[in-house]
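The values are calculated or read from the model by the stated rules, or taken from the named source; none is laboratory data. In this text, all values refer to a predicted model and were calculated from it rather than measured experimentally. Cβ coordinates were reconstructed from backbone atoms using ideal geometry, including for glycine residues, and neighbour counts include every protein chain displayed. What goes into the accessible areas is simple: the full protein's heavy atoms, side chains included, and nothing from ligands, DNA or RNA. Shrake-Rupley method; radii C 1.70, N 1.55, O 1.52, S 1.80 Å.
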Amino acid sequence: MRVEPARPGVNEFQVSVTDGESQAVETQLIRLSLTRRGLDIGPIVLEARDGGDNGTAVASGVLGIAGEWEITVLVRRAGLADVSAVFVVPLARQTEWR
């Protein structure tokens with residue numbers, strides 16, 4: 001999973017799901033649950049459908065506060081149990097105002 005630009009404001013969440021041989025895996029649903037650590041914010045839920053071999057990208061402005069965000073990624077695949085992984089993403093403070 002990758003979050004760009006990882007700053008307060010609009011970010012793109014990129015999720016790629018692969019098997020043990022680094023081959024793309026077809027998914028039915030990818031759900032991200034975002035919680036700001038240390039504050040009572042979240043979970044904020046974002047959902048996306050499979051974007052094909054390039055993975056899935058979701059753009060959202062829900063990350064408005066700098067700090068550590070815990071992102072749980074749930075993946076649903078046809079005929080298989082759901083799987084999830086937790087990522088901690090440090091969101092940098094805006095250092096320059098324009």
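Numbers at a glance
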| read-out | value |
| --- | --- |
| Apportionment of accessible area to carbon and sulfur, the chain, percent (1.4 Å) | 46 |
| GNM result for the chain, Cα springs below 10 Å: residue of ALA81, ALA59, ALA48 fluctuating most strongly | ALA81 |
| Alpha-carbon spread of the chain, three principal axes, descending order, Å | 46, 27, 20 |
| Percent RCO, i.e. relative contact order, over the chain, from Cα pairs under 8 Å lying at least 6 residues apart | 31 |
| Virtual spin-label span in nm between ALA66 and THR18, 7 Å along Cα→Cβ | 3.3 |
| Surface per residue (accessible, 1.4 Å probe) for the chain, Å² | 64 |
